[in-house]
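Visitor: Below are the structure tokens for one structure; questions will follow.
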Amino acid sequence: MAAAVVALYPALTPHSYHRIVSPTLRIPIDTQRPIPVGLLACQRDPLLRELETTIVSCTISQPASSASIKKGKKASAPGPVDQPTLEVILHDTVIFPEGGGQPSDTGAIKTADGRTWTVTQAKRHGGHAVHYVLAENADANLLCFTSGEKVTVALGKVDFDRRYDHMSMHTSQHLLSAVLENLLNIHTLSWSLTTAPAPCYVELARSMTAEEISAVQNEANKLVFEGRKVHVEVQEMDDQPPPVVPVLESGRAVGKGVPTDYTGGILRTVIIDGVDRNPCCGTHLPTLHNLQLFIIPQTEALSRSNTTSARLYFLAGPRLITYLTSTHSQLTAAAATLSCGAPQVPDRIGQVVDERKRAEKRVDDLEFELAKHVAGDVLQEMKSSEAALYTKHVHRTDDSVNPLGYLSAIATAFANVAPAERPFVTVFSSSSSSQTSTSASVLLVFGSDERYVKAAGDLLKSRLNVKGGGKGTRWSGKYTGVWRGREDVVISEVLQAVSP
């Protein structure tokens, strides 16, 4: 994927990308004040990988208590539990703090003593970006992050590849949501920037047909081929109140508004020329070039209480190239296994499935015939027995896909031929030819009277630790472990115990 990413990178962010539209808004130059989220270097120049800046403050990170983590939410830990972490606030940064549906960047900070420190994530606290830095000794390492000291904050190659993937998918989501609304009046309720290389998705108010999906994809890619420009406008929030989040008739909100805990005072709008204007704090590419969009041609329906929605999955940029490469490799491997060309794989798989169904049908027919023979052998022994209650245990070593089904076929065949006036109780068991301590053997108890069947089942539970149950004249269960001669002896003792 790395080579593909390099080929896709734009050279530089245009000077016109970041536009301040408030006449009184300025980027703070006091290095002892952090630049608020909304005006950070990573948001002004999304292709910038390194920046010299100043430390504003540094504290030891206090891990969140389990009680403070909301039920159902994943805990976002700054680092490993056993490794201390520092919370560093810089005057400016190229490391994006999570927001707008976009995950945090990872990166590094190089201090004046030449040491390089790993930044596992950045988060927005109020209006400021806080970097979570892995430390060896929190108390001692605090001295390396003295307020006012110069540092270099940077995105390494792996960090920037990850950021570029996030930007590609985030900008593509804005494009996709805009086309869905402009072309079909379908609102985006939410979206998820999944972990690469999985497709991302938008959640919509309704499902879509294949024709609608194709039309949206064609329109989006027309705009990509035109190379529509992307830029950002920022203004003081006092100049204009935050946009109101629309609500559908179902009660679902369309997207999300400015977070209630945001105190940076900056309203940031991402614009795709002639296509979309959308408030967002995330990082975005300066052009749609190289963001050819692929939409997986189906939607996944969801139901939540009284509302219904659907997910539409999509890929773009480096993630699309990775997906196509992986898909091609899988298709080539499948073609080699099936001894056919790639275009013939679907037909060949259909043939294999049909052949397997026919083979399974033949096996079922043969097992049914064999079950009648086994039942006949038991019947002959029953006729020669003079016991008041005929008892019999039949064990088979069998690698059948459905061993209980086969034992049930034996029981049914025996029931069809057994004399109605003759009382009996039988135990049929089956184990595989290759067993381990976790192997499961199947048992079926079948009799003429449910009292005998229940008594035998209860004894199997207590003496062999068989897990199971039943109703009427049949009881089934599973025995876990290696089937040896001891189990046959115990079953014989159980059958003797239930005899009058």
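The values are calculated or read from the model by the stated rules, or taken from the named source; none is laboratory data. This structure is a prediction, so every number in the text was calculated from the model and none was measured. Ideal geometry is used to build each Cβ from the backbone, glycine not excepted, and the neighbour counts take in all protein chains shown. Just the protein is used for accessible areas: all its heavy atoms, side chains included, with ligands, DNA and RNA removed. Shrake-Rupley method; radii C 1.70, N 1.55, O 1.52, S 1.80 Å.
Visitor: Hey, among the residues in the stretch 155-197 that are farther than 14 Å from residue 317 by Cα, of a type outside the set (Val, Ile, Thr) and outside any helix (DSSP H, G or I), which one's farthest from the chain's Cα centre (by Cα)?
Guide: So the residue we want is 185.
Visitor: Across the stretch 332-347, what is the number of residues that are over 30 Å from the mean Cα position of the chain (by Cα) and surrounded by 13 or more Cβ atoms within 10 Å (Cβ to Cβ)?
Guide: Selection size over the stretch 332-347: 2.
Visitor: May I pose another question? Kindly evaluate residue 464 against the criterion of being over 23 Å from residue 360 (Cβ atoms), among the aliphatic types (A, V, I, L, M), in contact with a strand residue (DSSP E or B) (Cβ under 7 Å, 6 or more places away or on another chain) and surrounded by 15 or more Cβ atoms within 10 Å (Cβ to Cβ).
Guide: Taking the combined requirement at face value, the residue satisfies it.
Visitor: Which members of the stretch 121-154 meet the condition of being open to solvent by 10 Å² or more (accessible area, probe 1.4 Å) and assigned to a loop (DSSP other than H, G, I, E, B)?
Guide: Those that are open to solvent by 10 Å² or more (accessible area, probe 1.4 Å) and assigned to a loop (DSSP other than H, G, I, E, B): 126, 136, 137, 146, 147, 148, 149.
Visitor: Need at least 1 residues that are within 14 Å of residue 109 (Cβ to Cβ), open to solvent by 30 Å² or more (accessible area, probe 1.4 Å) and at pLDDT 95 or above per element, so show me which strands (runs of 3 or more DSSP E) inside the stretch 15-97 make the cut, counting only ones lying wholly within it.
Guide: Numbers: elements: 18-20, 50-60, 85-90.
So the answer is 50-60, 85-90.
Visitor: For residue 355, state whether it is at pLDDT 95 or above, open to solvent by 80 Å² or more (accessible area, probe 1.4 Å), among the acidic types (Asp, Glu) and not assigned by the TED database to the domain that holds residue 409. Don't jump to the end; show me each part of the working.
Guide: Working: at pLDDT 95 or above: yes; open to solvent by 80 Å² or more (accessible area, probe 1.4 Å): yes; among the acidic types (Asp, Glu): yes; not assigned by the TED database to the domain that holds residue 409: yes.
Answer is yes for this residue.
Visitor: A further question on this structure: Return yes when residue 385 is open to solvent by 30 Å² or more (accessible area, probe 1.4 Å) and among the polar types (S, T, N, Q) and no when it is not.
Guide: yes
Visitor: Mind counting the residues in the stretch 361-375 that are of a type outside the set (A, V, I, L, M, F, W, C) and open to solvent by less than 100 Å² (accessible area, probe 1.4 Å)? Explain how you work it out, then say what you get.
Guide: From the stretch 361-375, those of a type outside the set (A, V, I, L, M, F, W, C) are 361-362, 364-365, 367, 369, 372-373; that's our starting set.
Pick out the ones that are also open to solvent by less than 100 Å² (accessible area, probe 1.4 Å) and you get 364-365, 367, 369, 372.
Count: 5.
Here's the yes/no breakdown for (1) more than 26 Å from residue 368 (Cβ to Cβ); (2) hydrophobic (A, V, I, L, M, F, W, C); (3) open to solvent by 30 Å² or more (accessible area, probe 1.4 Å):
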position: 428; (1), (2), (3): no, yes, no
position: 447; (1), (2), (3): no, no, no
position: 455; (1), (2), (3): yes, yes, yes
position: 480; (1), (2), (3): yes, no, yes
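Visitor: Okay, next question. If you go through the stretch 368-392, how many residues are in a helix (DSSP H, G or I) and out of contact with any Leu (no Cβ under 9 Å at 6 or more places or on another chain)?
Guide: Residues in the stretch 368-392 being in a helix (DSSP H, G or I) and out of contact with any Leu (no Cβ under 9 Å at 6 or more places or on another chain): 16 in total.
Visitor: Taking the stretch 220-240, which residues are farther than 23 Å from residue 35 by Cβ and surrounded by fewer than 20 Cβ atoms within 10 Å (Cβ to Cβ)?
Guide: Correct list: 221, 222, 224, 225, 226, 227, 228, 229.
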